[in-house]
Amino acid sequence: MHESLPIVHGPAHTFADMKKSLITTLIAAIALLSSAAEKQPRDISGWSHFAWGAEIGGAADLTSNDMSTVNLDAYFGYRNSWIETIGIGAEVNMMLSNSVRAFPVYAMFRTSFSKRPQLMFMDLRAGVVFNNISTSSQQTSAYVSPGIGVNLAGGSTFQSYITLSYVYNGIDPFTLGDERCDIKGLSMACIRLGIRF
């Protein structure tokens, strides 16, 4: 009497299981390497200490004076492993509802408080703003803009980001044509989309 051998269907299933395990392991390894690469300290030396950037954005008037703006910024400065940017910048603010223009000139300081790349950072700006009311009327006022930012896509030579900031423009009351604008300082919520090199 011959003992019948069991029919084994295992190899196909084993190969499929091995294939799944291999793919899972590769995905886990890639994720681990990516995570490790992101956490490496910034290697900044030589000319890479020089930073410059540009931004486009807008600000909503929180004081109900109909002075919301479209903004353009440019800045340059120094950076290292702890400081993302310390430098100076200039901005053009174009009011949407009238012909007033504001030109802030500021010192800026930006850091994530870490040597390693972080998702979020702090952005501080302070200086003066030249408010051009009309061709014959200008004001010089205080300018302050603290905010927070989120890093977006980046590479070895650039970093894109978005910031959300409070803006104070210490503009005084003025007359625009026949209209009296009784404004004592503008408070604004500002969003900027930028790139730093």
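Check Leu152, Leu62, Leu124 and return the single one that is closer than 18 Å to Ala189 by Cβ and within 15 Å of the chain's Cα centre (by Cα).
On the way: Leu152 fails: closer than 18 Å to Ala189 by Cβ; Leu62 fails: within 15 Å of the chain's Cα centre (by Cα).
Every option except Leu124 fails the conditions.
Return yes when Ser156 is touching a residue at least 40 places away in the same chain (Cβ under 8 Å) and not acidic (Asp, Glu) and no when it is not.
no
Hey, Ser114 hits all of (1) open to solvent by less than 30 Å² (accessible area, probe 1.4 Å); (2) farther than 18 Å from Ala189 by Cβ; (3) at pLDDT 95 or above but one; which does it fall short on?
The one condition Ser114 does not meet is (3).
Please find, among Gly194, Gly149, Gly154, Gly127, the residue that is surrounded by 13 or more Cβ atoms within 10 Å (Cβ to Cβ) and touching a Gly at 6+ places or on another chain (Cβ under 8 Å).
Numbers: Gly149 fails: touching a Gly at 6+ places or on another chain (Cβ under 8 Å); Gly154 fails: touching a Gly at 6+ places or on another chain (Cβ under 8 Å); Gly127 fails: touching a Gly at 6+ places or on another chain (Cβ under 8 Å).
It is Gly194.
Restricting to segment 65-91, and then to whatever is of a type in the set (Val, Ile, Thr) and open to solvent by less than 60 Å² (accessible area, probe 1.4 Å), can you tell me which residue is farthest from the chain's Cα centre (by Cα)?
Going through segment 65-91, the residues of a type in the set (Val, Ile, Thr) turn out to be 69-70, 83, 85-86, 88.
Narrowing the set further to residues that are open to solvent by less than 60 Å² (accessible area, probe 1.4 Å) leaves 69-70, 83, 85.
On the way: Thr69: 18, Val70: 17, Ile83: 14, Thr85: 12 Å.
For segment 65-91, the residue satisfying everything is Thr69.
Return the pair list, or none, for Cβ contacts closer than 6 Å from residues in segment 170-197 that are closer than 30 Å to Gly154 by Cβ to residues that are β-branched (Val, Ile, Thr), at least 6 apart or on different chains.
Here the result reads Met188/Val167; Cys190/Val167; Arg192/Thr163; Leu193/Ile56; Leu193/Ile162, each pair linking segment 170-197 to a residue that is β-branched (Val, Ile, Thr).
Restricting to segment 142-170, what's the tally of residues that are in contact with a strand residue (DSSP E or B) (Cβ under 9 Å, 6 or more places away or on another chain), of a type in the set (Val, Ile, Thr) and either under 15 Å from Ala126 (Cα atoms) or at pLDDT below 95 (or both)? Working first, answer last.
Step one: filter segment 142-170 for residues in contact with a strand residue (DSSP E or B) (Cβ under 9 Å, 6 or more places away or on another chain), giving 142-154, 158-170.
Going one step further and asking which of them are of a type in the set (Val, Ile, Thr), we end up with 144, 148, 150, 162-163, 167.
Next, only the ones that are either under 15 Å from Ala126 (Cα atoms) or at pLDDT below 95 (or both) stay: 144, 148, 167.
Looking only at that region, the number is 3.
In segment 92-100, is there at least one residue being small (Gly, Ala, Ser) and open to solvent by less than 40 Å² (accessible area, probe 1.4 Å)?
The first filter runs over segment 92-100 and keeps only residues small (Gly, Ala, Ser), leaving 97, 99.
Filter once more, so that each one left must be open to solvent by less than 40 Å² (accessible area, probe 1.4 Å): none.
So far as segment 92-100 goes, no, none of its residues is small (Gly, Ala, Ser) and open to solvent by less than 40 Å² (accessible area, probe 1.4 Å).
The values are calculated or read from the model by the stated rules, or taken from the named source; none is laboratory data. From a predicted model like this one, the values you see are computed outputs, not experimental measurements. With ideal geometry, Cβ positions are generated from the backbone for all residues, glycine too; neighbour counts draw on all protein chains shown. The area values use the complete protein model at the heavy-atom level, side chains included, leaving out ligands, DNA and RNA. Shrake-Rupley method; radii C 1.70, N 1.55, O 1.52, S 1.80 Å.
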